[in-house]
1. Helix 144-154 against the longest principal axis of the chain: what's the angle in degrees, Cα atoms only, rounded to the nearest 10?
2. Using Cα pairs under 8 angstrom and six or more residues apart, how large is the relative contact order of segment 115-216, in percent?
3. Give me the lysines in straight-line cross-link reach of Lys54: C-alpha distance below 18 Å, same-chain residues under 8 apart excluded.
4. Leu149 versus Ile209, label points 7 Å from Cα toward the beta carbon: distance in nm?
5. Taking neighbour Cβ counts within 10 Å as the exposure measure, how do Met161, Met40 sort from fewest upward?
6. Which of the lysines could be linked to Lys196 by a straight reach, that is with a Cα gap under 29 Å, when you skip same-chain ones fewer than 8 residues away?
7. What whole number of Å gives the distance from the Cα centroid of segment 32-52 to the Cα centroid of segment 134-159?
8. List Met73, Met172 from most exposed to least, where exposure is judged by having the fewest other Cβ atoms within 10 Å.
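Bear in mind that the values in this text are calculations on the coordinates, not laboratory data. Computed from a prediction, not measured in an experiment: that's the story for all the values here. In this analysis, Cβ positions are derived from the backbone assuming ideal geometry, glycine residues included, and neighbour counts consider all displayed protein chains.
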Amino acid sequence: MKILVTAATTFEIQPFLDYLSTKRHQDCQVTTLIGGIGMMHTAYQLGRQFAVNKPDLAIQAGIAGCFDHSWEMGKVVIIDKEQLGDLGVEDGVAYKDLFDIQLWQPDQPPFSNRSLVNPFEGLPALPELPKAGGVTINTVSGSEPTRQLLLNKYAPEVESMEGAAFHYACLMEKIPFFQLRSISNFVEVRDKSKWKIPLAIQSLNDVLIKYFDQWN
Ligand SMILES: O=C(O)c1cccc(C(=O)CC[C@H]2O[C@@H](n3cnc4c(=O)[nH]cnc43)[C@H](O)[C@@H]2O)c1
């Protein structure tokens, strides 16, 4: 089985890369891809990778912000659907996305009801983790009006900068996939001193390593 593990930065999966360098899997061939931060880099790198080497399973792993202040930092979730949070037009004070202005149709493939939904089909196994909905943006949200806009419009639980591009590429290529996100911060008025990046990376990599430990 060919498995691709992708992340935006090396930093986010360094413990997993260290683990891979010491472990020989016989049942699976693991490829890693550092796709870069944001949707543009992620889409390009995944498209290029899938054109030459289509995996049987693709996993995206990364840190993310969450909207619910009752969540603990370092919580790891699997994203069950993604929405694009800032691809659209401003109309006075209103923000309208491409579905609102009918440039896209809600169920045009690979979208289902405006979302990039993971059908969780064809997967050999899935880590036992809570599921959560994601929104993907180009600019990390750092103000109350933006937080409220995204919550009202998309009701997301998690925000990242790459998730939708990953779901899109895998759905288009019909590659089984799952996206892991570990919470490093709340989506709120920006205060970088509160971010728990090392904690989020630790728990993310613990999950990844446990998942790969099941393979011979
Ligand atoms: O401003 C800085 O100094 C800084 C330093 C390290 C990382 C950052 C990021 O903004 C990380 C972006 C990166 O991590 C994901 N991420 C993490 N939290 C969020 C969030 O609240 N909203 C969106 N993306 C987030 C994202 O997927 C990027 O790959 C800044």
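1. With rounding to tens, the tilt is 80 degrees.
2. 31
3. Lys2, Lys174
4. Going by the 7 Å Cα→Cβ label model, 4.1 nm.
5. Sorted ascending by nearby Cβ count, the order is Met40, Met161.
6. Once the sequence-local lysines are set aside, what remains near Lys196 is Lys23, Lys75, Lys81, Lys131, Lys153, Lys210.
7. Each part's Cα centre sits 23 Å from the other's.
8. So the residues, fewest neighbours to most, are Met172, Met73.
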